[in-house]
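Colleague: Below: one structure in structure tokens.
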Amino acid sequence: MRHQTLDQLHTVAEVRRDPTHPVMDRTQRLERWAELLEQQPNRLLAALAGTEYRSPPERDVMRGEGTPISVAFEDPLLRDEGLKDDSYGQAKSFFELTDNQLHEIVCYCHVGATMQASRAAQSVRYAIGGRGFFAGLRDSLR
């Protein structure tokens, strides 16, 4: 018998989750995303430009190579949990985020064209508590 990774098995067979395995809740999914970002804290990630200026249908299909969302989508566990692609709309739905929360994690207006993964991770962690990055930063300075 030859050992293969789950990704290798996906190429030759349909692999299904053990139905007794508990599904991750919102907090667990967000924690996983933050942990993935923290694995390479200095990695430069691309921001999405102008999410707040797009109509909801346009915003939902926004994506980019090397964004914080694409880091989540690279993870087999999050894909197994149901993350279908690396679009803004899919991240908003899968991670159960508001537009304001996701905007603070991925938008250009807060970070410029690129951001360090550690900054994105911090924003994800603030979203776990239902707060935004800047509110959390303000509270940490008090």
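Colleague: Taking into account only those residues within the range 18-32 that are more than 16 Å from Lys92 (Cβ to Cβ) and charged (D, E, K, R), which is farthest from the chain's Cα centre (by Cα)?
Modeller: Only one residue fits best here, namely Asp18.
Colleague: Hey, any hits in the range 21-34 for a residue that's under 21 Å from Ile128 (Cβ atoms), polar (S, T, N, Q), loosely packed, with under 15 Cβ neighbours inside 10 Å and at pLDDT 95 or above?
Modeller: yes
Colleague: Of all residues in the range 51-60, which are touching a Lys or Arg at 6+ places or on another chain (Cβ under 9 Å) and either at pLDDT 95 or above or surrounded by 14 or more Cβ atoms within 10 Å (Cβ to Cβ) (or both)?
Modeller: Matches in the range 51-60: Thr51, Arg59, Asp60.
Colleague: Which members of the range 69-80 meet the condition of being touching a residue at least 40 places away in the same chain (Cβ under 8 Å) and farther than 18 Å from Ile128 by Cα?
Modeller: Asp75, Pro76, Leu77, Asp80
Colleague: Now for a separate question. Find all pairs meeting these conditions: Cβ atoms under 6 angstrom apart; at least six residues apart or on different chains; first residue within the range 92-121 and closer than 19 Å to Gln28 by Cα; second residue among the polar types (S, T, N, Q).
Modeller: Ile105/Ser123; Ala117/Gln40
Colleague: Condition first: part of a helix (DSSP H, G or I) and within 15 Å of the chain's Cα centre (by Cα). Now tell me which residues in the range 33-56 satisfy that. Steps first, please.
Modeller: We begin by selecting, within the range 33-56, every residue part of a helix (DSSP H, G or I); these are 33-38, 51-53, 56.
Answer for the range 33-56, where residues must be part of a helix (DSSP H, G or I) and within 15 Å of the chain's Cα centre (by Cα): Trp33, Ala34, Glu35, Leu36, Leu37, Glu38.
Colleague: Which helices (runs of 4 or more DSSP H) sit wholly inside the range 67-130 and have at least 3 residues that are surrounded by 19 or more Cβ atoms within 10 Å (Cβ to Cβ)? Walk me through how you get there before you give the answer.
Modeller: Numbers: elements: 68-73, 76-81, 88-94, 99-106, 108-111, 117-128.
Because the criterion is at least 3 residues that are surrounded by 19 or more Cβ atoms within 10 Å (Cβ to Cβ), the helices (runs of 4 or more DSSP H) in the range 67-130 that meet it are 68-73, 88-94, 99-106, 117-128.
The values are calculated or read from the model by the stated rules, or taken from the named source; none is laboratory data. Bear in mind the structure is a predicted one, so any value in this text is a computation, not a measurement. As a convention, Cβ positions derive from the backbone with ideal geometry for all residues, glycine included, and neighbour counts pool all protein chains shown.
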